[in-house]
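To start, the structure itself, in structure tokens.
Every number in this text was worked out from the coordinates using simple rules, so none of it is lab data. Since this is a predicted model, take the numbers as computed values, not measurements. Neighbour counts are summed over all protein chains in view; Cβ atoms, including those assigned to glycine, are modelled from backbone coordinates with ideal geometry.
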Amino acid sequence: MDKLRDTLKADADQIQVTISDELDARISASLQGVEPELPARQRQPRKPFSFWLASSLTGIAATILVIVVANLKGPEAPVTVASKPATNLTTPVVTEQAFVPLLKTESAVLTAPLREELENLESDLKKAERAVREEMGLSF
Amino acid sequence: MSDELDLIDAAKAGSVVAFTELVHDYRERLLRFLLTRCASFADAEDALQDTLINAYRYLHSYDSRWRFSTWLYRIAIRNAANLQADAGESPDELQDTEADPLLLCIALSERENLWVSARRVLRKEVYAAMWLRYVEDMSINDVAAVLDRSVSWTKVNLLRARKQLDAELARTEKESKAYG
């Protein structure tokens with residue numbers, strides 16, 4: 001009938017191939033190690049409405065819990081500090097009752113006038129500040 | 001056919017055994033086809049292995065409106081093309097005759113095998129179209145689908161290829177008679 005068609009069929013049959021045992025084993029081993037891809041809709045299943053509802057309620061409950069716990073603790077008592085006039089240049093006195101260790105000390109006797117004492121203190125402060133800066137510069 | 005669909009369903013569900021049974025009869029046919037497109041027998045075997053692995057991996061994308069063989073050949077052609085691209089060969093590059101895997105697998109006969117002649121005179125894509133049409137008995141639509149070409153392109157090129165191969169067949173028969 002169709003000579004060309006018959007010849008093409010017959011000549012294709014003349015091509016002799018066999019799947020070797022080695023290739024067969026190779027293919028089988030490869031297939032065992034293959035993880036079939038899942039369709040996109042299976043890979044990322046749509047989350048049901050109940051999931052969103054549950055997660056929203058959980059979030060709201062957690063927020064309320066945090067607010068309640070924070071309010072139960074109550075505000076901390078503020079530390080009242082009474083500051084002295086700046087001209088005194090002394091540390092502020094804490095009026096709150098605090099534990100003060102009993103120390104055997106004597107009050108310093110100021111031999112120089114107050115003005116001179118103030119200048120000395122300022123000078124010491126500058127020196128100390130410079131020393132700290134130098135030390136920081138070295139260490140960093 | 002229903003057996004094939006059952007096997008496909010089972011393989012889609014993850015059964016390697018079902019998939020192995022499904023492709024068992026296609027393996028030699030695919031290897032024979034790949035031999036005509038690869039530079040060596042080893043390449044053809046690698047292409048076959050890759051084809052089956054990819055088919056199993058992406059079986060979920062198989063649409064049962066197509067013939068399974070159509071889908072399988074489509075993957076095989078892509079894998080063979082990828083192998084050629086990796087090896088840096090052009091699609092229509094002539095092969096070294098001594099190492100030609102097709103020639104090594106053809107039994108001796110009085111005249112030249114028409115598929116060897118076909119490879120000489122046809123472009124690879126047209127050669128594949130002829131193979132799918134006349135060896136695999138695929139419809140024109142299926143051939144077009146495998147090659148990712150239009151039906152009209154497939155029809156025209158099959159017709160031209162037939163004319164060329166008719167002429168080749170006449171020539172080789174004449175030669176074999178002359179040497180006969």
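The ranking of A:Val66, B:Val121 by Cβ neighbour count inside 10 Å, starting from the fewest, reads A:Val66, B:Val121.
Relative contact order for the stretch B:1-90 using alpha-carbon pairs under 8 Å, separation at least 6, rounded to a whole percent?
Details: 61 pairs, mean separation 25.1, N = 90.
Contact order relative to length: 28 percent.
Built from the Cα atoms of chain B, the convex hull projects on average onto 11.1 nm², one quarter of its surface area. Mean partner shielding of peptide A:27-34, defined as the number of other chain Cβ atoms within 10 Å of each residue Cβ, is 5.
Peptide packing: for B:124-135, A:49-60, B:6-17, the average count of neighbouring Cβ atoms within 10 Å per residue gives the ranking B:124-135, B:6-17, A:49-60, highest mean first. For the residues of B:49-58, the average number of beta carbons from a partner chain within 10 Å of their own beta carbon is 4.
Based on C-alpha pairs under 8 angstrom that are at least 6 apart in sequence, chain B has a relative contact order of 19 percent. Can you tell me how the stretch B:98-180 classifies by the Cα gyration tensor, rounded, prolate or oblate, using a/c under 1.5 as the rounded cut? Prolate, because a/c is 1.5 or more and a/b exceeds b/c.
Partner shielding of A:16-24 amounts to 5, given as the average count of beta-carbon atoms from other chains within 10 Å of each residue beta-carbon.
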